[in-house]
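Since the structure comes first, as structure tokens, the remarks are kept for the end.
Just so you know, all these numbers are worked out from the coordinates, no wet-lab data involved. None of the values given here were measured: they were computed from a predicted structure. Cβ placement follows ideal geometry from the backbone for every residue including glycine, while neighbour counts extend to all protein chains displayed.
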Amino acid sequence: DARVTQTPRDKVTEMGQEVTMRCQPILGHNTVFWYRQTMMQGLELLAYFRNRAPLDDSGMPKDRFSAEMPDATLATLKIQPSEPRDSAVYFCASGLVLGQGAGELFFGEGSRLTVL
Amino acid sequence: GEDVEQSLFLSVREGDSSVINCTYTDSSSTYLYWYKQEPGAGLQLLTYIFSNMDMKQDQRLTVLLNKKDKHLSLRIADTQTGDSAIYFCAENQGRRALTFGSGTRLQVQP
């Protein structure tokens, strides 16, 4: 049963601390996305990768956020330093994107981040 | 997302039909999608429609697309309590990532 795996599921931290969220995409998928979900903003695209290369990270605050794919089985999203306004659920999604369609995205269960 | 708009809440009685509406702005969208999110979970694809289609039916789900008005709807027939969730409309703009609406929370009353 292939699925996207995210860790941690829940993280509570204090302002100023570094937070790293990890995602294992589904094997064979060529595209990985990071979305952030909040009540006020809904689902926001932070960054995405195709074949491990970053395609778009314009939705991400560059001064504190960074996203990488060190290999095909791991995507990371790091926040340093974290701030209370970063509190949200962070979703990783992967998909096999061909042609013009974005294809079906498979979402992980999310990492709920609370920054105090 | 600001490019895709949905009403925030819909309440229906079990057995009735639900209709969730969505408007989008990008006429170059190739595919339009409906995703479902249950509490504490990620989003799951329900159905999608190619932009040159007007309608797609999949069991209890019917998607209608009015490309002229940039309006998309999802009809759920015989709505069940298990259909209670948040429903997201999404569009893809060429090869870019999906842009999601704010989601419509569907509440099904027994």
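Overview of values
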{"read-out": "Nitroxide proxy distance, nm - points 7 Å out along Cα→Cβ at residue A:44 and residue B:17", "value": "3.8"}
{"read-out": "FRET efficiency, 1/(1 + (r/R0)^6) with R0 41 Å, evaluated for residue B:9 and residue A:52 via beta carbons", "value": "0.55"}
{"read-out": "Residue exposure sequence - B:70, A:62 - by fewest surrounding Cβ within 10 Å", "value": "A:62, B:70"}
{"read-out": "Percent antiparallel among DSSP beta bridges (both partners in the protein assembly as shown, rounded to 5)", "value": "90"}
{"read-out": "For B:102, A:87, A:94, order by how many other beta-carbon atoms lie within 10 Å, fewest first", "value": "A:87, B:102, A:94"}
{"read-out": "Longest to shortest principal axis, alpha-carbon extents of chain B, angstrom", "value": "41, 28, 19"}
{"read-out": "Chain A: relative contact order in percent, alpha carbon pairs under 8 Å with at least 6 residues between", "value": "37"}
{"read-out": "Length-normalised contact order of chain B in % [C-alpha pairs under 8 Å, at least 6 apart]", "value": "39"}
{"read-out": "Per-selection Kirkwood Rh - the protein assembly as shown (Cα, Å, 1 d.p.)", "value": "18.1"}
{"read-out": "Antiparallel DSSP beta bridges within chain B, as percent of all bridges there, nearest 5", "value": "90"}
{"read-out": "Built amide H within the under 5 Å cut-off of residue A:46, gap 5+", "value": "A:34, A:35, A:36"}
{"read-out": "Tally of Lys pairs whose C-alpha atoms are under 22 Å apart, taken over the protein assembly as shown, 8 or more apart or cross-chain", "value": "8"}
{"read-out": "Mean Cα-pair separation over length for region B:49-110, i.e. relative contact order, pairs under 8 Å, 6 or more apart, %", "value": "23"}
{"read-out": "Simple label model, 7 Å out from Cα along Cβ direction - residue B:109 to residue A:15, nm", "value": "4.3"}
{"read-out": "Three principal axis lengths of chain A [C-alpha, angstrom, descending]", "value": "41, 30, 28"}
